[in-house]
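Okay, so here's the structure we're looking at.
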Amino acid sequence: VPSQGVMIGQNIYSNISPYPAFLEPKYRQWIVNDLHYNKVIISDALWEINAEPNTIIMALKTVDWVMVGYSRSVEEALPLIHQAIREGILSRKDIQDKLNKIQTFKTSKL
């Protein structure tokens, strides 16, 4: 099914990972490598689990767009995201690619 975005939820599939789907990079690998999906991958499940800064960083390894319930969550996470980029935990190129996908999604005609 063609789409401009796909959403990953918080379900746990214990035969694949002990983590919720949006925190497990194996799901991104499957979507991108096996399904050849190259558009934005979104999760709004963070508010249901835990919107702490470290969880946001974990989610950015799987999804492109992390939706949180409160802007405070983003404000608290930004310094740690910048630190994660400096330390190589998150790639600057990967973050820029995510931002580009989000911009394309926002300007696409659905």
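Structural remarks
- Single residue of VAL32, VAL63 found to be closer than 18 Å to GLY9 by Cβ, modelled with pLDDT of 90 or more and not in a helix (DSSP H, G or I): VAL63
- Every condition in (1) open to solvent by 80 Å² or more (accessible area, probe 1.4 Å); (2) modelled with pLDDT of 90 or more; (3) not small (Gly, Ala, Ser); (4) not in a helix (DSSP H, G or I) is met by VAL1 except one, and the failing one is (2).
- Scan of the stretch 7-20 for residues that are of a type in the set (A, V, I, L, M, F, W, C) and either open to solvent by 60 Å² or more (accessible area, probe 1.4 Å) or modelled with pLDDT under 90 (or both), ordered by number: MET7, ILE12, ILE16
- Among residues of the stretch 62-74 that are farther than 26 Å from VAL32 by Cα, none has a beta-carbon under 8 Å from a residue that is of a type in the set (Val, Ile, Thr) and loosely packed, with under 15 Cβ neighbours inside 10 Å at least six positions away or on a different chain.
The values are calculated or read from the model by the stated rules, or taken from the named source; none is laboratory data. Worth saying up front: this structure is predicted, and the values here are computed from it rather than measured. Cβ sites come from the backbone with ideal geometry, for glycine too, and all protein chains shown count toward neighbours. Please note that ligands, DNA and RNA were not included when accessible areas were found on the heavy atoms of the full protein model with its side chains. Shrake-Rupley method; radii C 1.70, N 1.55, O 1.52, S 1.80 Å.
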